[in-house]
1. For segment A:12-76, which helices (runs of 4 or more DSSP H) that fit wholly inside it have 1 or more residues that are under 30 Å from D:M36 (Cα atoms)?
2. Could you check how many residues of segment C:96-116 are in a loop (DSSP other than H, G, I, E, B) and free of Cβ contacts under 8 Å to residues at least 24 places away in the same chain?
3. List pairs: first residue in segment B:184-198 and within 12 Å of chain C (Cβ to nearest Cβ), second residue among the acidic types (D, E) anywhere in the structure, Cβ distance under 6 angstrom, at least six positions apart or on different chains.
4. When D:G199 is evaluated against the numbered criteria (1) surrounded by 15 or more Cβ atoms within 10 Å (Cβ to Cβ); (2) more than 30 Å from D:G41 (Cβ to Cβ); (3) touching a His at 6+ places or on another chain (Cβ under 7 Å), which criterion, by number, is the only one it fails?
5. When segment A:161-176 is examined, which residues are found to be surrounded by 16 or more Cβ atoms within 10 Å (Cβ to Cβ), closer than 29 Å to A:K123 by Cβ and among the polar types (S, T, N, Q)?
6. Of all residues being crowded, with 16+ Cβ neighbours inside 10 Å and without any contact (Cβ under 8 Å) to a residue 60 or more places away in the chain in segment D:163-182, which is farthest from A:S108 (Cα to Cα)? Just the residue, please.
7. Within segment C:178-186, identify whether any single residue is more than 18 Å from C:R140 (Cβ to Cβ), among the β-branched types (V, I, T) and not assigned by TED's automatic domain parsing to the domain that holds C:N47, and answer yes or no.
8. List every residue pair whose Cβ atoms sit under 7 Å apart, with the two residues 6 or more apart in sequence or on different chains, where the first one lies in segment C:1-24 and is more than 7 Å from every other protein chain (Cβ to nearest Cβ) and in contact (Cβ under 8 Å) with a residue 40 or more places away in the chain and the second, anywhere, is hydrophobic (A, V, I, L, M, F, W, C) and in a loop (DSSP other than H, G, I, E, B).
Amino acid sequence: MTANPLPENRAPAAIRTEALEAILTEKGLVNAGGIDGLINRFVNDVGPMNGARVVAKAWADPEFKERLMSDGTAAVGEFGFSGPQGEHIVVVENSDDTHNVVVCTLCSCYPWPLLGLPPNWYKDPAYRSRVVREPRKLLGEMGLDVAPEKDITVWDSSAENRYFVLPQRPAGTEDLDEEQLAALVTREAMVGVAVVQA
Amino acid sequence: MTANPLPENRAPAAIRTEALEAILTEKGLVNAGGIDGLINRFVNDVGPMNGARVVAKAWADPEFKERLMSDGTAAVGEFGFSGPQGEHIVVVENSDDTHNVVVCTLCSCYPWPLLGLPPNWYKDPAYRSRVVREPRKLLGEMGLDVAPEKDITVWDSSAENRYFVLPQRPAGTEDLDEEQLAALVTREAMVGVAVVQA
Amino acid sequence: MDGLHDMGGKQGWGTVAVDPDEPVFATEWEGRAFAMGAMSGGLSGTNLDAFRHALERLHPMEYLIDGYYGRWLACAELLLVDSGIIPAGAVEARAQKLLGNDVDEPTEAVENKPQYERGGGGSLRQIDAAPGFAVGDKVRARDMHVSGHTRMPSYIRGRDGVVSAIRPAAVLPDATAHFTGEDAQHVYTVDFDSTTLWGPDAEPATLKIDLFESYMEAR
Amino acid sequence: MDGLHDMGGKQGWGTVAVDPDEPVFATEWEGRAFAMGAMSGGLSGTNLDAFRHALERLHPMEYLIDGYYGRWLACAELLLVDSGIIPAGAVEARAQKLLGNDVDEPTEAVENKPQYERGGGGSLRQIDAAPGFAVGDKVRARDMHVSGHTRMPSYIRGRDGVVSAIRPAAVLPDATAHFTGEDAQHVYTVDFDSTTLWGPDAEPATLKIDLFESYMEAR
């Protein structure tokens, strides 16, 4: 067999993970509590609900929106959203003219403090390869038909700037408060593969 | 999990091969004898021993060598070597100035009538990717140190021409007959990743 | 297409070892997969170029996971399914049955072989047109973006070379793989200097590659 | 490096489906592999760029076979082995033991962390040099052939674009991943028209990508 350098009876990833944790634990370099804490943070504390609050506030508060667009990092810092993969946040706004969509073709860079860890589709080679070459077709396959009159702008996160899409506020949401607005905002809309629906 | 579209409990290749053969046999499209015959041909009848005879004759018979260099297809046809992957044979001669090496970067095209089916190293992505970019380094890793004063020419078999390397005749073989010479000639030497040694 | 198969110059594949004594087929199934792969073009009513394109159409994981003859097996199945000789999923279903699992096998497929004409056997053709390029001509490999089958590898795209030989004319794989005709063309060997391809620090070498006339433009 | 990771514009990867309800980690091991991957930079005395380069150094099969967190696990192991925190082969040997197989575990490694200085936390830096390019400048992505780590994807190599924003200066990953210094540079967002990248038949779109100053040349 050519091309596969992995040992034929290699242990499954679950067992190799257990093995690495055991080795590092014996050396006193990690402990289960530290690992559990990190997992817990990304399962429960950080995720798209952060970004959704930012979007809702930007829709509800024009002054905040102005701050957000001119210095995304500082504006999301008002919520306490900062940390790894959030050194420099740039917010890009969808409009009637332009639809924005974000990718990292080289790995899977993603604005962790606002959206948590990336979903599978964002990490999938099909997304990473195709969205820079045939974005409209790919978005259509993913369930978003971008209106023909809209231009598409694709942001490839090749350095430490993290792009965050401010979706368009859907019609019929004039009476909702920030919390209600935030509940409408999906992860997919904040990356640009969906729009927000009322 | 991203990137792996294969069903998790997919049957091993050996069983899928058996399954395909069973289905095609039931339809009367293949039979075991035909399959066995094709296997037998490439295991026993066609292989590097064919090319080795061509090389030995070229070393021993200057007129044959002239015919071989000017029309490889016709010259190897004198031995009855022809058929699939041998439509147009081009022989390239190693010299004190130039070392030739053959690859197919896009698949694994190879002069079947002269060399049989390609060996694993020829099909390996490491060979296909590296020999066009760092041939001297790769050949060194494969055990062939090309003399620094020799130029390296790499032939990428991107169309239906099949390249065949005529190695240099080693010193000390003046008294050998064609059969003895042929016994020295390896598959690797006829692709250009080795030289012939006495 | 810009697929995994287009390996020239790519990095990260490691090293390669020569085993001078390796058997032609490492296992019984490899030989049988080879044989059925070799027969699949005829059985499916396709051709060699369609088989090569089938290799390119495999998902990269499928391309790699069972090695070279794993690819042949997968391509045989792909062409036979495309042409309606066997139904999609039939091979895996039968394999599961062979493993003792109780699965339904798909119903029969409807034969759907491609309809096209060939101008002869094999790939070489005699053509009337005079060659557009001569030995010694400076040429550029065109900056082509072909989503289907092509025999122009990406590593020479847009790079300058010199014609060193005129080869027999041949059918254009970009056409025959898709059954849209033969478009037979002159074929040339074009020489590229390694520094043109890989930058000034490249290992010195000459790269010779065969190009169809429509892949080339004059410089 | 021209590796499998450099996926922009490549073909043959199929389609992608969105599952809005997918869990953060599909399995227990994915979460633990993530956590150890996140800690591996600190434990090995390396950095984020070295981690990204470790992803690129995985054999393509390793890159793909266990998905995203499989890559993180493999990278954690690679960096820890490189830095002599654990011996090569230790993870697989321990895993085999956990599976009940009788194998010898390798002896201890010798710590060998890279020695290098950082000019601060994170990747952003203040630099004195004035930006070499201004918004509106026409530029070309240099025809670079980097065998190590780089953040210049191959699909813009040699293509023309226009600077649309100046971003904060940052350390150059091509340097920091290899512990050869920081080489902090200005970073620009450069706009490319899709037809410049993929030919005249490309879907209309604007591609915006961040480039370090040394990746660019004036047009």
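The values are calculated or read from the model by the stated rules, or taken from the named source; none is laboratory data. Model, not experiment: these values are computed from the prediction. As a convention, Cβ positions derive from the backbone with ideal geometry for all residues, glycine included, and neighbour counts pool all protein chains shown.
1. On the way: elements: A:13-26, A:32-40, A:48-60, A:62-70.
Answer list for segment A:12-76: A:13-26, A:32-40, A:48-60.
2. Counting residues in segment C:96-116 that are in a loop (DSSP other than H, G, I, E, B) and free of Cβ contacts under 8 Å to residues at least 24 places away in the same chain gives 10.
3. What qualifies is B:A194/B:E188.
4. That leaves (1) as the condition not met.
5. A:N161
6. D:V163
7. So far as segment C:178-186 goes, yes, one or more of its residues are more than 18 Å from C:R140 (Cβ to Cβ), among the β-branched types (V, I, T) and not assigned by TED's automatic domain parsing to the domain that holds C:N47.
8. Sorted first by the residue in segment C:1-24, then by its partner, the list stays empty.
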